[in-house]
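Trainee: Right, I'll just put the structure down here and ask away after.
The values are calculated or read from the model by the stated rules, or taken from the named source; none is laboratory data. Everything quoted here is computed from the prediction, not taken from an experiment. Cβ coordinates were reconstructed from backbone atoms using ideal geometry, including for glycine residues, and neighbour counts include every protein chain displayed. Ligands, DNA and RNA are excluded from the accessible area calculation, which covers all protein heavy atoms including side chains. Shrake-Rupley method; radii C 1.70, N 1.55, O 1.52, S 1.80 Å.
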Amino acid sequence: MKHYPTEFKADAVALWRSRPGATIKSVAADLGVNTETLRNWIRAADEHRPGARSEPLPAARCAGGR
C-alpha cells in the first residue's frame with residue numbers, strides 16, 4: 001500500500017471541494033490516485049469538520065455522472 005503525506009491528502013480533498021462540477025473519479029485521475037482512496041480521504045476529512053453529518057456523498061459527484 002502506498003503512503004501519502006497528510007498534506008497531500010488535505011490538498012486533494014480541498015481540490016475536489018473547489019471544483020463543484022468535478023467528480024471524485026476525475027479529480028483522482030488528475031492526481032494519479034485511486035478513486036476509492038480519494039473517497040476515503042473525503043469521508044475522513046468530513047468526520048473531522050465541525051458540524052459534519054454522516055451523509056453519503058452526492059451520487060453525481062461520486063459516480064462520475066454529472
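Trainee: Looking only at region 31-46, decide whether some residue is at pLDDT below 95 and more than 9 Å from the chain's Cα centre (by Cα).
Mentor: Checking region 31-46: at least one residue is at pLDDT below 95 and more than 9 Å from the chain's Cα centre (by Cα).
Trainee: Within region 21-32, restricting attention to residues that are of a type outside the set (S, T, N, Q) and closer than 17 Å to residue 43 by Cα, which residue is most open to solvent (accessible area, probe 1.4 Å)?
Mentor: So the residue we want is 25.
Trainee: Among residues belonging to region 47-60 that are part of a loop (DSSP other than H, G, I, E, B) and either closer than 18 Å to residue 7 by Cβ or open to solvent by less than 90 Å² (accessible area, probe 1.4 Å) (or both), point out the one that is modelled with the highest pLDDT.
Mentor: 48
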